[in-house]
Amino acid sequence: MVFSAARNRAAAVSSATRIKVLALSPIPEEGAGCRFRVAQYMPHLCSAGIDVTIRPFYTPEFFNIVYTPRNYLRKAVGFVLLALRRLRQLSELGDYDVVWLYREAIPLGPPLVERAIAGRGIPIVLDFDDAIFMGDVSEANRAIGFLKNPGRVAEVIAKSTTTVVGNEFLAGYARRFSRHVAVIPTVVDTDRFVPRADHGRVGPGGPVVGWIGSPTTYHYVEEIAGLLRAAASRHAFTLIISGAGKPVQLDGVPARVAPWSLAQEVELFNSCDIGIYPLSDDDWSRGKCGFKAIQFMACGVPVVASAVGVNLEIIRDGENGFLASTPAEWAEKLERLLTDPALRARFAKAGRTTIETRYSLKVTAPLVERILRDAAASRP
């Protein structure tokens, strides 16, 4: 993941040397990407002599309306003001040794900020965990999709000292423009994401099946509504939906909406007995990093996930969870988990072990530390 040439350059920068990193993100810590790709590393990095300052583009308030329909005037005015704020932040660059760029500095338009950073000779560590080069646009913002500039991703990769991505599909794209590419999965702090004490105990209404996501991914649940309805006709369970961003209407399925909050995030995953993670079989899904499956598994919640992309690496079908490719597989595997407490317990234990050994902050934090130090050492 880290390159020998970079290690040699880094010899001049000892681990005792404190460095300062400016982290630019389009979203605040309320967004999972910023929180898990950047912010959760800060305690480890600080203890290792790397001070990180996060400057998100969106404020928490603006982030709350980004994926809501309409509000175009409010979004436009707010966006312009935030873009001006971002440009003013360029005056801070002299205070930092490295810029850690999560996805992009400004979500729309050309990479003006990235060009300015590279022009100053400041190393950029680019990090992304979605196929942002495909230009996907949320349904709520379809009208401004023409302002997206996915082609800029290639330019920023070429200008970056190192590009860090969440899976091999994304790495394949990044390697077209740079030799300096590292694959680091999106992980959790396994000291925080832990199973609840009474996992395995099911209430009188049957198991709780959970989907936790965002407005841009809820349509995957709607696509499997028919098999959820069929399962509900045969077995007692409750479906929890969190993050849909719109009213939930799944006729014939006993569903309730659970609010998401940063403070209660782990409790939300732990409120479920089974997690579902449906995706489409396409390149956008192959760019995803399986993170909701990782969060469920860290909490000892067995998962049924679409057999797409990195899910095939995280989940060993029938050992630590289930993979499904067809509606029939989805129905059969979900119903097996609904009716077999022993199977749920076995998957819970195996899934937790998978996360502890491969998808834990303890595993990846030293890798991120080294990449940032190597980037600092590369500065002329």
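The values are calculated or read from the model by the stated rules, or taken from the named source; none is laboratory data. What you see is a predicted model; the values in this text were computed from it and never measured. Every residue, glycine among them, receives a Cβ derived from its backbone with ideal geometry; neighbour counts consider all protein chains shown.
On the basis of being over 19 Å from the mean Cα position of the chain (by Cα), of a type in the set (G, A, S) and exposed (fewer than 14 other Cβ atoms within 10 Å of the Cβ), does A263 make the cut?
Numbers: over 19 Å from the mean Cα position of the chain (by Cα): no; of a type in the set (G, A, S): yes; exposed (fewer than 14 other Cβ atoms within 10 Å of the Cβ): yes.
It is false that A263 is over 19 Å from the mean Cα position of the chain (by Cα), of a type in the set (G, A, S) and exposed (fewer than 14 other Cβ atoms within 10 Å of the Cβ).
The set of residues in the stretch 288-319 being surrounded by fewer than 22 Cβ atoms within 10 Å (Cβ to Cβ) and either within 18 Å of T357 (Cα to Cα) or among the basic types (K, R) (or both) consists of L312, E313, R316, D317, E319. Which one is modelled with the lowest pLDDT among residues in the stretch 236-291 that are among the charged types (D, E, K, R) and assigned to a loop (DSSP other than H, G, I, E, B)? So, considering only residues that are among the charged types (D, E, K, R) and assigned to a loop (DSSP other than H, G, I, E, B), the one modelled with the lowest pLDDT is K246. Within the span defined as the stretch 88-111, every residue fails to be in a helix (DSSP H, G or I), within 25 Å of the chain's Cα centre (by Cα) and closer than 20 Å to P28 by Cα. Filtering the stretch 160-174 for residues that are modelled with pLDDT under 95 and either outside the structural domain of P341 (by TED's automatic domain parsing) or in contact with a helix residue (DSSP H, G or I) (Cβ under 8 Å, 6 or more places away or on another chain) (or both) leaves an empty set.
For the criterion of being surrounded by fewer than 22 Cβ atoms within 10 Å (Cβ to Cβ), among the basic types (K, R) and outside the structural domain of L45 (by TED's automatic domain parsing), R370 fails.
Quickly run through the stretch 322-359 and pick out the residues that are outside any helix (DSSP H, G or I) and either of a type outside the set (G, A, S) or buried (at least 20 other Cβ atoms within 10 Å of the Cβ) (or both).
Across the stretch 322-359, the qualifying residues are F322, L323, A324, T326, D340, Y359.
Yes or no: L81 under 22 Å from A375 (Cα atoms) and assigned to a helix (DSSP H, G or I)? Don't jump to the end; show me each part of the working.
Working: under 22 Å from A375 (Cα atoms): no; assigned to a helix (DSSP H, G or I): yes.
No: the conditions fail for L81.
The set of residues from the stretch 202-220 being crowded, with 17+ Cβ neighbours inside 10 Å and within 15 Å of Q295 (Cα to Cα) comprises V209, G210, W211, I212, G213. In this structure, A231 does not qualify as of a type in the set (G, A, S) and out of contact with any Asp or Glu (no Cβ under 6 Å at 6 or more places or on another chain). Each residue in the stretch 267-287 was checked for being surrounded by fewer than 24 Cβ atoms within 10 Å (Cβ to Cβ) and under 22 Å from A131 (Cβ atoms), and 10 pass. On inspection, R379 qualifies as modelled with pLDDT under 95, within 30 Å of D51 (Cβ to Cβ) and touching a strand residue (DSSP E or B) at 6+ places or on another chain (Cβ under 9 Å).
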